[in-house]
Structures are given as C-alpha cells and as structure tokens.
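Engineer: Could you have a look at this structure, given as structure tokens, before my questions?
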Amino acid sequence: TVVFMPGSVPGDLRKPLPFRDVQEMELSINSRTSITSRYEMFHRGTTAQEEAALAVPTAQEADAALQPLQDALLGSLTVYVVPETSSLLPQGISVYVGKHRSALVRAGGSQATLRTRLRQLTQVMSFTASSIAAALSDRVPDGQPGPDAGRHLKSSLGYEVTFSLLNPDPKSHAVEWDIEDAVNRYVQPVLAKLSLVANFSVDSQILYYAVLGVTPRFDKESSSFLLSTHSLPHVINPVEARLGSSAASLYPVLNFLLYIPERSHSPLYIQDKDGAPVSTNAFHSPRWGGIMIYNVEAPASPQSSFPLRVNVDMVRVMEVFLAQLRLLFGLSRDELPPEFLLESPGNEGLADWEVDRLLWAHAVENIATVSTTLTSLAQLLDKIGNIVIKDDVASEVYRAVAAAQSAMAELATGHLHSAFQASKEAVTSSERAFFDPSLLHLLYFPDDQKFAIYIPLFLPMAVPILLSLAKIIREARQRKKEPTKMD
C-alpha cells in the first residue's frame, strides 16, 4: 500500500487517488521451472489517524506510532510518501525502512523518481528473484543459484540451538559464563520472533580438554598466535566429534562455540584473507554454526595462582552469535544505496518484514521439497511392481498433494501465513509417506534377484525330477506305438 501525505502526490501521477496497480513478472529458474511474481499496489491518501501519527519529530517515532494503524497481514508492506521538504527524514536520506512493515519515502517530485525508489524498497523489504533462487537451489536442478544459495539453512519444522563453551586448559582457566541469563535476555526474543517459521529448542554444554585440532602459527611481531583463513575449515571436524549433539537430533543443529585458547597458545587471533585480524575474532560455517575465540588476559604477575578465574562478557559474545544466527537464516543485509536508512530491530534481533521474507522463502522451499519427495516416491513405486501401498500411506500422499495445492493457491492470493502452514503440513505428510517402513525397497526383490537366489536351490532337485518325467513320457509313447494283442 502506497500512502500519500498531503503535498506529496507527484504532479505527473497518471490516475487520481485511490487506484490499484498490478505488476506481474515471470522469473525463470531453469528450462522447466518458472515462478510468477505478482505485486498488487494500492495507492491512496492518508487518513486523519495516519496524519496525526506522522506529525512527530523523528522517523523512529513515526514508525512506532504507525504500527497499530497498518495492515496486520503477513507479507504486506505500507509505504508512506512524505513531501520532499519533510523534516521527518534526516538530511540526505530519501528512504527510511522501519522495523515493522512500513517505510517512509520522499516523494522525489516526479512519478519516475518515486517509482524507482519504490522498486529499490521492494528489493530490500520483499521477496525477490535472488531469494527464490536461494530457496530453490537444492531442489531445482540446473538452476542459477545466487552467491549465497548454499549458505542458508534448509527449511525444517524445527531447529536445535546448542551453545558450547570449549575450555581446553582447565588447569589454567576456571571459566564461568552465565549462559542461562544470556539466552533469556538476548536469544529468546529472537527465537520468539522466529517461532512463526519453526520450533526451536536451546541447550548448552561445557567441554573440557576440547582443542581446535589445528596448530596456530606464532607471530613474533605481535607476540600472538594466528589462525589463517585456509586453516579454518580444518577446525570444525575435530571439534564436532566432541559435540555429540547432532547424532541424536531429528532436526538440524545450530552450533555456537565459544573457545577459550589454552595458555600456551594465547592470545589467539583469526586472520582474514588479507592477513588482517578479524575484528570479532569469530567465523561462521554455512549451515553448521559459528565459532568465537575469546582471549583471556595474561596475569599481571608471574606468581599468580592457577587456575585463573575468567568471567565471560556475554554481551560481546551474544552480539557475535546473534549476527551469525542471522547469517545462517539468510537474513544478512545487502549493500544498500547511500540514501537508505534502516532502523535497527533492537532487542528482537530482526524486523517484522525480515520474518515475512523468511516465511516466503520457506513456503516456496517447502512446496519444492514436497514435489521432489512425491516424485521420488512415484519413481520408487514404478520400479517395484509388486509393492503394497497401505491405505494410511495413500491417505498421506493425498493429504500432501492437497496441502501443497492449497499452499500454492494461498501464495497466489498473498495469504502468507496460511500458505506457510499448508506447506508445513504438506512436508510432514509427504515425508511420512516416503519414510513409511512398509515402503522400504529392500523388502521387495526384483525378478532377476529372485532367479539368482532360487535357481541354485531348486535346480539340483529339479534335474532328476525332470529326467524322470521325460523317461515316463517316453515310455508312455512307446506303449502307445506297440500293437495290442487280440485273443
């Protein structure tokens, strides 16, 4: 919805307010798959309540005041066009993106300028071609995945978040971290916002004598130890063997590791590709999690008693881990034009429109997953002619197809929440059918395998039986040929 404040309507606007404009664009994923993107834009003037909400000094206050007046529908955006001379936006800023589902845009004087700014805003706040390519990168073969296609987590009904403290040298460091308070204060608000997308469980652990598995290089100039970029991939496997959380998990596990370097390798810093130290002293691994190295200050006097008591600064640690969590869910913000101003989402960690983008991506990915699963199941059933399909398996297949069709219909009408719920139901039903124990292909043998198994068993017995039958038939024929004696 594009809402014009008094004095902000461009002079060359073609139609009188209010009017509706629909734009459709077909996005080709590969030679057989395409998605139609449809934007429905409603242009109108402000109401008295909206004008009162916009009569505030700053854009932040306007964003908070406008939130109760907006359309609460997930996936919807409301853009308020303010006059070019408005003081709501800071000097040099033409587009302000709020933390809910609204934005403020300077009119620009002409319809062409306004349309350009609205197009740029849609690319930032709504579902785009690159989002579709990333969501379908694992499902659609021969597509053109974007640069971040392999970095995002796959859509799942649930995720397990594990925070691990690695203390390889407990004789030197007695580390304390208030992980429970940090999770309640910083992580839970973010997960509460993401609860629309999936279910989350959080746990933590402390691992002693767990080392990185890579020997850092000592740098004489800085009197510190360094981990280069090319050695970082070798850090994860030795550590992951100690975690033990993903083996028994039904859902993807997100690992966030805080590593306290041992005294003999301290201080320890991570280098980037250019050889400069990484400011956060952390790195993240796509679809796995992240590791942060937390250096402990050396004791002032050599006579200090060991182990040293270390209280971890959880604010600094959680800032890094929450930034890595955003990267794992594909919520990294692209480079924006200089005239754009993005409001910080605050303690919640992500804006409402970012949750909408995530729901779009996961709904599309779920539908593609259902299509892939049911196609694989159909191919399996075609290969095995004598397979038995039970009624409950058939009903799950029918339910999956109906839910996927419902999800596509809801997506086409812009009902994001119901489309996502239907896509989750479709994924659940299709996987129940595909992984049903009665459809295990090892239970059914192809005919050539049956011959290979049974011929060695029955052939030795069949040879004398067949020879005997041949002899009986031969003797019967000879008896028929001999003339019968008549008295």
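Engineer: For the range 215-240, enumerate the residues that are surrounded by fewer than 16 Cβ atoms within 10 Å (Cβ to Cβ) and either of a type outside the set (S, T, N, Q) or under 22 Å from Glu180 (Cα atoms) (or both).
Structural biologist: Selection gives Arg217, Phe218, Asp219, Lys220, Glu221, His230, Pro233, His234, Pro238.
Engineer: Something else: Can you go through Leu377, Leu381 and tell me which one is at pLDDT below 90, hydrophobic (A, V, I, L, M, F, W, C) and within 27 Å of Ile132 (Cβ to Cβ)? Before you say what the answer is, go through the steps one by one.
Structural biologist: Details: Leu381 fails: within 27 Å of Ile132 (Cβ to Cβ).
Sole residue among the options that is at pLDDT below 90, hydrophobic (A, V, I, L, M, F, W, C) and within 27 Å of Ile132 (Cβ to Cβ): Leu377.
Engineer: Moving to a separate point now. Go through (1) in the same structural domain as Thr162 (by the TED database); (2) over 27 Å from Ser224 (Cβ atoms); (3) in contact with a strand residue (DSSP E or B) (Cβ under 7 Å, 6 or more places away or on another chain) one by one and return the number of the condition Arg287 breaks.
Structural biologist: (3) is the only condition that Arg287 fails.
Engineer: Which one is surrounded by the fewest Cβ atoms within 10 Å (Cβ to Cβ), of the residues in the range 405-417 that are assigned to a helix (DSSP H, G or I) and more than 19 Å from the chain's Cα centre (by Cα)?
Structural biologist: Result: Ala412.
Engineer: Here's a follow-up. Can you name the condition, by its number, that Asn281 falls short on among (1) closer than 22 Å to Leu308 by Cα; (2) open to solvent by 20 Å² or more (accessible area, probe 1.4 Å)?
Structural biologist: That leaves (2) as the condition not met.
Engineer: In the range 71-99, which residues are in contact with a Lys or Arg (Cβ under 7 Å, 6 or more places away or on another chain) and open to solvent by 30 Å² or more (accessible area, probe 1.4 Å)?
Structural biologist: Listed by number, the residues that qualify are Leu77, Glu84.
Engineer: Looking at the structure I just gave you, is Glu365 closer than 30 Å to Leu342 by Cα and in a helix (DSSP H, G or I)?
Structural biologist: yes
Engineer: Select, from Arg139, Arg151, the only residue that is modelled with pLDDT under 85, assigned to a loop (DSSP other than H, G, I, E, B), of a type in the set (Lys, Arg) and under 20 Å from Ser371 (Cα atoms).
Structural biologist: That would be Arg139, the only listed residue that is modelled with pLDDT under 85, assigned to a loop (DSSP other than H, G, I, E, B), of a type in the set (Lys, Arg) and under 20 Å from Ser371 (Cα atoms).
Engineer: What pairs come up if the first residue lies in the range 64-88 and is assigned to a loop (DSSP other than H, G, I, E, B), the second is acidic (Asp, Glu), and their beta carbons are under 8 Å apart, counting only those six or more places apart or on different chains?
Structural biologist: Listed by first residue and then by second, the contacts come to Leu74/Asp356; Gly75/Asp356.
Engineer: Related question: Tally up the residues in the range 245-296 that are in contact with a Leu (Cβ under 8 Å, 6 or more places away or on another chain), on the phi > 0 side of the Ramachandran plot and at pLDDT below 85, please.
Structural biologist: Looking only at that region, the number is 0.
Engineer: If you don't mind, there's one more thing I want to ask. Looking only at the range 350-390, count how many residues are crowded, with 19+ Cβ neighbours inside 10 Å, touching a helix residue (DSSP H, G or I) at 6+ places or on another chain (Cβ under 8 Å) and of a type in the set (Gly, Ala, Ser).
Structural biologist: Total satisfying the criteria: 3.
Engineer: Conditions first: (1) in contact (Cβ under 8 Å) with a residue 40 or more places away in the chain; (2) in a strand (DSSP E or B); (3) under 26 Å from Thr162 (Cβ atoms); (4) open to solvent by less than 40 Å² (accessible area, probe 1.4 Å). Tyr269 passes all but one, so which condition is the exception?
Structural biologist: Going through (1) in contact (Cβ under 8 Å) with a residue 40 or more places away in the chain; (2) in a strand (DSSP E or B); (3) under 26 Å from Thr162 (Cβ atoms); (4) open to solvent by less than 40 Å² (accessible area, probe 1.4 Å) one by one, Tyr269 breaks only (4).
Engineer: Let me ask you something else. Which condition breaks for His100 when tested against (1) at pLDDT below 85; (2) part of a loop (DSSP other than H, G, I, E, B)?
Structural biologist: Condition (1) is where His100 drops out.
Engineer: Another question, if that's okay. I'm trying to understand the selection: among the residues of the range 245-266, which are within 28 Å of Arg309 (Cβ to Cβ) and in a loop (DSSP other than H, G, I, E, B)? Outline the logic, then answer.
Structural biologist: In the first step, residues of the range 245-266 are kept if they are within 28 Å of Arg309 (Cβ to Cβ); the result is 245, 255-266.
Hits for the range 245-266 are Ser245, Ile260, Pro261, Glu262, Ser266.
The values are calculated or read from the model by the stated rules, or taken from the named source; none is laboratory data. The structure presented is a predicted model; accordingly, all values stated were derived computationally and were not measured. A quick note on method: Cβ atoms are made from the backbone with ideal geometry, for glycine too, and the neighbour counts reach across all protein chains shown. Accessible surface areas use protein heavy atoms only, side chains included; no ligands, DNA or RNA. Shrake-Rupley method; radii C 1.70, N 1.55, O 1.52, S 1.80 Å.
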